[in-house]
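Here's the structure, in structure tokens; my notes come after.
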Amino acid sequence: MNSAVRTARNAEAWIRRFHHAPDDGLRLVCLPHAGGSASFYHPLSAALSPYVGTYAVQYPGRQDRRHEPCVDSIPELADAIFEVLKPWTDQPLALFGHSMGATLAFEVAVRVEERLGTSPTALFLSGRRAPSHFRPESVHTLDDAGIIAELATLSGTDPRVLREPEILDMVLPMLRSDYRAIETYRGRPGDRVSCPMTVLTGDTDERVSAEEAAAWADHACGGFSLRTFRGGHFYLNDHLREVAAVITDSLVATRAA
């Protein structure tokens, strides 16, 4: 049985919903960063409820899916997520991704357009440079101490977690797999999406320069906007309400149009 079929039959394992929203309302699917899980989006879901129905993707190899093998390829992971979301594309569907999740959201949107001839309602890409701007990175080749040090610099992980050997033993294989996936990813320069694209970035994020964030415009042919917030790679933790407002305003405007 191929992976796409397995994914379609186990779609319920991939999606988490934390708060109530009308089933016929605005719908947003969120994809986590490298090392992240669906629960990362619980605060954003709360901020968007009840106006936007927020659904978070749970990748294999973490939390309640920790006994499943990780997926260390962006194309393979995007294929699997596309299969999960394919039945949802008969209604308006927007995508939000942070860091590695932004790359995945873009790749899923490309697949929706290429394979189904339709388009997501909107695409929100946070904390990630455009595919056309490559940086050589090799965190996935570091030893465990090196990966832990990398996590500490990003300020996206509770420092207490980094001091718990039992927790680290569980999460390090997943982290290494995620870093391998995003660091070996090579986007196709000509890929574009026709849905409105909003890029969000922190003004002191060392992993995404202003030029690299603005370069997403080269992959958009249905409208592009760039929003810059004060902060680093996890700026959105400090600007939750503002980020939620950007998402809601964009989705309401798109729906009205």
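The values are calculated or read from the model by the stated rules, or taken from the named source; none is laboratory data. Keep in mind that what you see is a predicted model, and the values were worked out from it rather than measured. Glycine gets a Cβ as well: all are built from the backbone with ideal geometry, and neighbour counts include every protein chain shown. For accessibility, only protein heavy atoms count, side chains too; no ligands or nucleic acids. Shrake-Rupley method; radii C 1.70, N 1.55, O 1.52, S 1.80 Å.
Here the mean projected area of the convex hull built on the C-alpha positions of the chain is 13.0 nm². Within the accessible area of the chain, the carbon and sulfur atoms contribute 51%, probe 1.4 Å, all protein chains present.
Take each peptide in 209-220, 96-107, count the other Cβ atoms within 10 Å of every residue, and average; sorted highest first, the result is 96-107, 209-220. Rolling a 1.4 Å probe over the heavy atoms of the protein chains gives the chain an accessible area of 46 Å² per residue.
For the pair residue 67 and residue 39, a Förster radius of 22 Å applied to the C-beta separation gives a FRET efficiency near 0.80, rounded to the nearest 0.05. Hull volume per residue, based on the alpha-carbon atoms of the range 178-256 and their convex hull, is 110 Å³.
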